[in-house]
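Everything on this sheet refers to the single structure shown next.
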Amino acid sequence: MVVEIADMMSVVKNRRPLVLHMTNYVTADDCANITLCAGGLPVMTSNTEDAIDILKGSSALILNIGTPDSELINSMIEVGKLANSLNIPIVLDPVGIKKESYRVKLVDKILSDVKISVIKGNSGEIGVMANMGGEIIGVDAVRGPSNNIVAVKKLAKITNTVVAMTGEADYVSNGTQVYILLNGNPTMGKVVGTGCMASSVIGCYIGALGVSIDIVSAALSVFSIAGEVAADNSGGPGTFKSVLMDSLNNLTTFDIETHIRVRKL
């Protein structure tokens, strides 16, 4: 799988997929920059007409509910439907979703109206969506599901998507297979926006290569390895973010070979 991931990274950087983001205003700058570093081209908008124009030339669409409002969600749904008709893959990031909350209603509405390709969330968010336990404070997970493997498989089957759960270990499932990705560094959890950035990197990879458990796992592995490299070369959270972008931009096959840790169930 090491060679395959390195090859995927090269293809993404050669193809330069355009990734349209309808995302929150807190991490939009980070997502734009990490998209460039991963090899894609970012564009951000919350306007429906503008998004429709841009989508026609895009390779992937990111829907991130980190700062939700009803107008934005309606726009996401309209643009998402067009993406479905154009066979453009969609990543849904259910930021801060809690049981019996406003955000649950928003995510349910998106899922009922739009065919999502990938759901990426932290352990608390995925636990809530799979109805297997999970607790969020703000947008951070403080408790995950009762069983991570069962949760990602269950949610993938229910939604007919590839589900990626991020955390101390990352879990990716298509409903039958599960990959456990063991790369990353705790500093990634001390910087606001790394979860949103992970969605952007996934968008680059599925936009360039298509949607599969292998491709989503490759995207997360590359991002997490860049996080490990960055942690070794930064002084703490303040410098980590900029070094993370440098690390992803400069990541080599050798970096992947020496760091990759993946288990396939």
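For the stretch 28-133, the carbon plus sulfur part of the accessible surface works out to 47%, probe radius 1.4 Å. Comparing Leu248, Leu111, Leu181 in a Gaussian network model of the chain, where Cα atoms under 10 Å apart are tied by springs, the biggest mean-square fluctuation is seen for Leu111.
Counting lysine pairs in the stretch 126-265 that sit 8 or more residues apart in sequence, or on different chains, and whose Cα atoms lie under 30 Å apart gives 8. With the highest mean first, a sort of the peptides 117-126, 34-43, 68-77, 21-30 on other beta-carbon atoms found within 10 angstrom per residue produces 117-126, 34-43, 21-30, 68-77. Here Lys56 is the anchor, and the lysines within straight C-alpha reach of less than 16 Å, apart from those fewer than 8 places off in the same chain, are Lys81. Relative contact order of the chain: 20 percent, from C-alpha pairs under 8 Å at least 6 residues apart in sequence.
Per-residue ellipticity at 222 nm for the chain, helices alone: DSSP H runs ≥ 4 residues times -39500 (n - 2.57), over residue total, nearest 500 deg cm²/dmol?
Dividing the helical sum by the residues of the chain leaves -16000 deg cm²/dmol.
Overall form of the chain: rounded. Here a/c, set by the Cα gyration tensor axes a ≥ b ≥ c, is under 1.5.
Whole number in Å², please: accessible area per residue of the chain, 1.4 Å probe, ligands, DNA and RNA not counted.
Numbers: 10860 Å² over 265 residues.
That works out to 41 Å² for each residue.
Enumerate the residues in the stretch 72-90 having an amide nitrogen under 18 Å from the point lying 7 Å beyond the Cα of Asp108 toward its Cβ. Of the residues in the stretch 72-90, 73-74, 77 have backbone N under 18 Å from the label point off Asp108.
Helices from the chain with mean Kyte-Doolittle at least -1.0 and a Cα length along the axis of 27 Å or more, per DSSP H: which? Could you put the intermediate results ahead of the total?
Values: long enough: 213-232 (29 Å, 1.42).
Within the chain the helices that satisfy the rule are 213-232.
The values are calculated or read from the model by the stated rules, or taken from the named source; none is laboratory data. Because the structure is a prediction, the values reported are computed rather than measured. Cβ atoms come from the backbone with ideal geometry, glycine included; neighbour counts cover every protein chain shown. Calculation scope for accessible area: heavy atoms of the full protein, side chains included, ligands and nucleic acids excluded. Shrake-Rupley method; radii C 1.70, N 1.55, O 1.52, S 1.80 Å.
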